[in-house]
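K.L.:
One structure follows; several queries about it will come next.
Read the figures in this text as sums done on the coordinates, not as results from a lab. Remember, it's a predicted structure, so these values are computed and weren't measured experimentally. Positions of Cβ are generated from backbone atoms using ideal geometry, with glycine treated the same way; all protein chains shown enter the neighbour counts.
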Amino acid sequence: MTRDKIMSSPQIAGRVRRWHTWPMIREQTVAAHSARVATLYCELWGLPRAEVLYYCLHHDSGELSSGDVPFSAKDLAPQLREAVNHAEAIGRTRIGVTLPELRDKEFKKFKICDLLEMWETGLVEHCMGNTYAIPVIEDTMAAAESIARDLGEWDTLNRWRAKQ
């Protein structure tokens, strides 16, 4: 197996580890994260257009080339965000993934689901005894609530959260 074959494998892209800079008890892969993001979208808003599902399933595929750089690091250094986004785009190209353009509302709903998946991961970690998950739980829900409020989806988020 050559480096080029590995770096152009969609199957390997799903095996990239997330949370490598945060103390976590269990390991999570890009594939597990992405599948849950897609499922959350369906749970909250029903079955979306195929392009939205494809986006949910492949939004982090480029991390095979860039790694899972935490959003907090990108927030600290906008140049890093730009470089990582470029590396992820190259990574997606290598594996043959072109992310579709989403409508603004669809993208915001996707972002809520991306954050809710991280919130759920934090909850599981916390239930297993990882107190380092508390900031993950608090920060991701606050961000999801902010987007939901702006989008007019506050009630949808609260109904979903009440079932959890």
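K.L.:
Residues Leu64, Leu40, Leu57: which one is among the hydrophobic types (A, V, I, L, M, F, W, C), outside any loop (DSSP other than H, G, I, E, B), touching a residue at least 60 places away in the same chain (Cβ under 8 Å) and crowded, with 16+ Cβ neighbours inside 10 Å?
P.N.:
Numbers: Leu64 fails: touching a residue at least 60 places away in the same chain (Cβ under 8 Å); Leu57 fails: touching a residue at least 60 places away in the same chain (Cβ under 8 Å).
Being among the hydrophobic types (A, V, I, L, M, F, W, C), outside any loop (DSSP other than H, G, I, E, B), touching a residue at least 60 places away in the same chain (Cβ under 8 Å) and crowded, with 16+ Cβ neighbours inside 10 Å holds for just one of Leu64, Leu40, Leu57, which is Leu40.
K.L.:
Could you check the stretch 85-124 and list, in sequence order, the residues that are of a type in the set (A, V, I, L, M), surrounded by fewer than 22 Cβ atoms within 10 Å (Cβ to Cβ) and more than 12 Å from His59 (Cα to Cα)? Steps first, answer last, please.
P.N.:
Let us first name the residues in the stretch 85-124 that are of a type in the set (A, V, I, L, M), namely 87, 89-90, 95, 97, 99, 102, 112, 115-116, 118, 123-124.
Then keep just the ones that are surrounded by fewer than 22 Cβ atoms within 10 Å (Cβ to Cβ); that gives 87, 89-90, 95, 97, 99, 102, 123-124.
Across the stretch 85-124, the qualifying residues are Ala87, Ile90, Ile95, Leu123, Val124.
K.L.:
Determine the pairs where a residue that is touching a residue at least 40 places away in the same chain (Cβ under 8 Å), located within the stretch 92-106, has a partner that is of a type in the set (Lys, Arg) and assigned to a loop (DSSP other than H, G, I, E, B) with Cβ atoms under 8 Å apart, the partner being 6 or more residues away or on another chain.
P.N.:
Once the first residue is touching a residue at least 40 places away in the same chain (Cβ under 8 Å) and sits in the stretch 92-106, its partners that are of a type in the set (Lys, Arg) and assigned to a loop (DSSP other than H, G, I, E, B) give Glu106/Arg49.
K.L.:
What's the total number of residues in the stretch 1-37 that are loosely packed, with under 15 Cβ neighbours inside 10 Å and in a loop (DSSP other than H, G, I, E, B)?
P.N.:
9
K.L.:
Out of everything in the stretch 106-164 that is outside any helix (DSSP H, G or I) and not aliphatic (A, V, I, L, M), what residue ends up being farthest from Ala31 (Cα to Cα)? Walk me through how you get there before you give the answer.
P.N.:
To start, the set of residues in the stretch 106-164 that are outside any helix (DSSP H, G or I) comprises 128-130, 152-153, 164.
Imposing the further condition that a residue be not aliphatic (A, V, I, L, M) reduces the set to 129-130, 152-153, 164.
On the way: Gly129: 24, Asn130: 23, Gly152: 29, Glu153: 27, Gln164: 22 Å.
The qualifying residue farthest from Ala31 (Cα to Cα) is Gly152.
K.L.:
Output the residues belonging to the stretch 49-108 that are polar (S, T, N, Q) and under 15 Å from the mean Cα position of the chain (by Cα).
P.N.:
Restricting attention to the stretch 49-108, the residues satisfying the condition of being polar (S, T, N, Q) are 61, 65-66, 72, 79, 85, 93, 98.
Selection gives Ser61, Ser66, Ser72, Asn85.
K.L.:
Okay, next question. Which of the following residues is in contact (Cβ under 8 Å) with a residue 40 or more places away in the chain and of a type in the set (Gly, Ala, Ser): Gly122, Gly129, Gly152?
P.N.:
Numbers: Gly122 fails: in contact (Cβ under 8 Å) with a residue 40 or more places away in the chain; Gly152 fails: in contact (Cβ under 8 Å) with a residue 40 or more places away in the chain.
Matching residue, one of Gly122, Gly129, Gly152: Gly129.
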